[in-house]
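Right, one structure below, let's go through it.
Just so it is clear, none of the values below were taken in a lab; they were calculated from the coordinates. Just so it is clear, the structure is predicted and the values come from calculations on it, not from any experiment. Heads up, the Cβs are rebuilt from the backbone with ideal geometry, glycines too, and the neighbour counts pull from every protein chain shown.
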Amino acid sequence: MPNIAYWHPQVVHFVVGLLFVGVALRLASLAGKWKWTGPAAATLIFLGTAAAVLAVKSGTDAHGPAERIPGARNAVVEHEELGERARNIFFVVAALEIAGLALSQRPWHRWVLGASGVVGLGGLLVVAEAAEHGGELVYNYAGNVGLRSGDPADVQRLLLAGLYQQAMQDRAAKRPEAAAQTLEQMAARFPEDPAIQLLRAESQVLDLEDGKAALQALAAITIPPDNPQLQTRFGFIKADAYVAAGFPDSARATLEALSQAFPANQRITQRLEQIRQ
């Protein structure tokens, strides 16, 4: 069977959706009020079980790179074991559904379908736990994030996100030097990205309180003329840098020019009023 690691995120969503609805319909069918719920339940459970088989296969194909992330191995193993357990439970549920269909003319076939519903409920608990561990693996350990497509640019974006979030945590924890150091590293990694270079210049104002260094950094940044958001951000940071460097008149002139370029932007007007006070 081909490697289907790429499809793991899509497949697991089908598992959750199909099996939860299928088991719910099976339990509803036991009331005997809506005849359509029985066939619908069996169909969804069969499809969900097939999806669970593919989910385990795709997860096994994908586990290698995630398992090699430092500290992530236990989370990967737990997720795999729960996924396999859920698949095996729904093998039993599917078998009970087949038995219920085969014994549909027998008076006690409803007990078989009832057993399917009860075992299915237990299986859903395992599916939910497997999904929770899968989310933990992705969001807490970045398991396979940046690696799924095989595009090196994805790893660069992952690195960028990690550096940015670390800098923001350092800033929130009152570690300005650490925040500035991380943003400096980020700017060195992505020298052609003006948005990242602006973060570095902003850090020199916010974290290091060095307006002159920020002005020097801003002088080396070229903002695309068709990007008003970056142009506005550049102007705000430049005004803050002038204030930090002790040149309030230059800050006002910068914001006035920005206000003329973007007269509808109320944030520029508010910032200008703050500096004038």
(request) Place a label point 7 angstrom from the Cα of residue 161 along the Cα-to-Cβ direction, then list the residues of the stretch 109-142 whose backbone nitrogen is under 15 Å away. (result) 135-142
(request) Quote to one decimal, in nm, the extra length available between residue 193 and residue 77 on full extension: 0.36 nm per residue of separation minus the C-alpha distance between them. (result) 37.9 nm
(request) Any chance you could list P(r) for the chain, counting all Cα-Cα pairs in 5 angstrom bins from zero, rounded to whole %? (result) 1, 6, 10, 11, 10, 8, 7, 7, 7, 7, 7, 6, 5, 4, 3, 1, 1, 0, 0
(request) For residue 68 and residue 151, compute 0.36 nm times the residue count separating them, minus their Cα-Cα distance, and round to one decimal in nm. (result) 28.0 nm
(request) List 133, 79 from most exposed to least, where exposure is judged by having the fewest other Cβ atoms within 10 Å. (result) 133, 79
(request) Enumerate the helices in the chain for which the Kyte-Doolittle hydropathy averages -0.5 or more and the C-alpha atoms extend at least 30 Å along the helix's axis, using complete DSSP H runs. (result) 8-29, 37-67, 73-102, 109-141, 152-172
(request) Using label points projected 7 Å from each Cα along Cα→Cβ, tell me how many nm separate residue 98 and residue 21, to one decimal. (result) 2.4 nm
(message) Can you compute the FRET efficiency between residue 216 and residue 61 using 1/(1 + (r/R0)^6), with r the Cβ-Cβ distance and R0 = 35 Å? Round to the nearest 0.05.
(response) 0.10
